[in-house]
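Asker: What follows is a single structure, and I will ask about it in a moment.
The values are calculated or read from the model by the stated rules, or taken from the named source; none is laboratory data. Values in this document were obtained by computation on a predicted structure and should not be read as measured data. A quick note on method: Cβ atoms are made from the backbone with ideal geometry, for glycine too, and the neighbour counts reach across all protein chains shown.
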Amino acid sequence: MKQYLIDTHSHIDMIEKPIDEILSEMANNNVKKVIIPAVEEKTLDKILKIAEQHSNIYAMIGLYPSEIKSLTEDLETRFQNLAKSKKVVAVGEIGLDYYWDKSFVEEQKQGFIKQIKLANKLELPIVVHDREAHKDCFDILKEHNKNSKVLFHCFSGSVEFMKECVKQGWYIAIGGVVTFKNAVKLKEVAKEVPLDKLMLETDAPYLTPVPYRGKENQPSYVKYVAEEIANLRGMTFAEIANITTQNAEEFFNI
């Protein structure tokens, strides 16, 4: 039995602590692997370098919704070249965000479609950023995704939306928000999501779980997410660790 954890979504490049310290705290808390999502063009080399330098760190390629205006043909070519690295395990985090800025929704949609097609071409999984855009994310994925596995990062939808996603074979990642007292909807999702479609994440340095809420998040805190989900489902920590780790290793091929 594995009984170790994987943080499937952590912006290590944005955490203020030195990498060695982050890795040491991961080891102390039995967090064996971590994946860094891509957000913007200017940090691609940085996250790939971090992944290349550490055997248990992996990276994604892609553009965050708010950065989609910088998606050019040259950048798409660069993504394809970067994807030749064995440390690149997904296209993400890509998707739609209607929370911050609705002034370029159409550009977001077109950029999302282009990156879905890129993932299909590269035969890589897709990690979705979906904020207040559930229906559009769902519809675009259903229409345009041909062969890539899909993971909804930092899931924020209802139980009903989760069930619709799972029907498509897509995966659900839950982070530190599930530990918040007022996260009633997400706690229900955590109770009901099929175990074979569940993964864990931190989204560090953001969304720090209780008991460290308000401080900088880090990959080692994924254990608090596992503990909360175990409590909600009446399962042991080891059971949640084993199941989510196996799901992550198979999904990302790591």
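Asker: Out of the residues in region 168-201 that are in a loop (DSSP other than H, G, I, E, B) and of a type in the set (Phe, Trp, Tyr), which is farthest from Glu16 (Cα to Cα)?
Answerer: Within region 168-201, the match that is farthest from Glu16 (Cα to Cα) is Trp170.
Here is a yes/no grid of residues against (1) in a strand (DSSP E or B); (2) out of contact with any Leu (no Cβ under 7 Å at 6 or more places or on another chain); (3) of a type in the set (Ser, Thr, Tyr); (4) modelled with pLDDT of 95 or more:
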| residue | (1), (2), (3), (4) |
| --- | --- |
| Ile22 | no, yes, no, yes |
| Glu25 | no, yes, no, yes |
| Ala38 | no, no, no, yes |
| Leu44 | no, no, no, yes |
| Lys49 | no, yes, no, yes |
| Glu52 | no, yes, no, yes |
| Ala59 | yes, no, no, yes |
| Leu63 | no, no, no, yes |
| Lys69 | no, yes, no, no |
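Asker: Also, quick follow-up: Give the residues of region 79-117 that are in contact with an Asp or Glu (Cβ under 6 Å, 6 or more places away or on another chain), at negative phi and of a type outside the set (Lys, Arg), sorted by residue number.
Answerer: Within region 79-117, Leu96, Tyr98, Tyr99 qualify.
Asker: Can you confirm whether region 223-246 contains a residue that is surrounded by fewer than 15 Cβ atoms within 10 Å (Cβ to Cβ), without any contact (Cβ under 8 Å) to a residue 40 or more places away in the chain and at positive phi?
Answerer: Checked region 223-246: at least one residue is surrounded by fewer than 15 Cβ atoms within 10 Å (Cβ to Cβ), without any contact (Cβ under 8 Å) to a residue 40 or more places away in the chain and at positive phi.
Asker: What number goes with the only condition from (1) surrounded by 15 or more Cβ atoms within 10 Å (Cβ to Cβ); (2) out of contact with any Pro (no Cβ under 8 Å at 6 or more places or on another chain); (3) closer than 17 Å to His129 by Cα; (4) not basic (Lys, Arg) that Phe104 does not pass?
Answerer: Going through the list (1) surrounded by 15 or more Cβ atoms within 10 Å (Cβ to Cβ); (2) out of contact with any Pro (no Cβ under 8 Å at 6 or more places or on another chain); (3) closer than 17 Å to His129 by Cα; (4) not basic (Lys, Arg), Phe104 breaks only (1).
Asker: Of all residues in region 167-213, which are without any contact (Cβ under 8 Å) to a residue 40 or more places away in the chain, aliphatic (A, V, I, L, M) and surrounded by 14 or more Cβ atoms within 10 Å (Cβ to Cβ)?
Answerer: Those that are without any contact (Cβ under 8 Å) to a residue 40 or more places away in the chain, aliphatic (A, V, I, L, M) and surrounded by 14 or more Cβ atoms within 10 Å (Cβ to Cβ): Ile172, Val177, Ala183, Leu186, Val189, Val193, Val210.
Asker: Let me ask something else about it. Among the listed residues Leu63, Leu71, identify the single one that is within 30 Å of Gln110 (Cβ to Cβ) and within 18 Å of the chain's Cα centre (by Cα).
Answerer: Checking each option against the conditions leaves just Leu63.
Asker: Take the residues of region 1-59 that are small (Gly, Ala, Ser) and crowded, with 22+ Cβ neighbours inside 10 Å: which is nearest to Leu200 (Cα to Cα)?
Answerer: Ser10
Asker: Continuing with the same structure: Taking Lys87, is it under 19 Å from Ser70 (Cβ atoms), surrounded by 17 or more Cβ atoms within 10 Å (Cβ to Cβ) and of a type in the set (Lys, Arg)?
Answerer: no
Asker: From the list Ala241, Ala204, exactly one residue is farther than 21 Å from Glu21 by Cβ and modelled with pLDDT of 95 or more. Which is it?
Answerer: It is Ala241.
Asker: Follow-up question, since we're still on this one. Filter region 82-122 for residues that are of a type in the set (Gly, Ala, Ser) and not in a strand (DSSP E or B) and give the result.
Answerer: Ala83, Ser85, Ser103, Gly111, Ala119
Asker: Then there is this: Within region 74-97, work out how many residues are under 19 Å from the mean Cα position of the chain (by Cα) and of a type in the set (Lys, Arg).
Answerer: Total meeting the criteria: 2.
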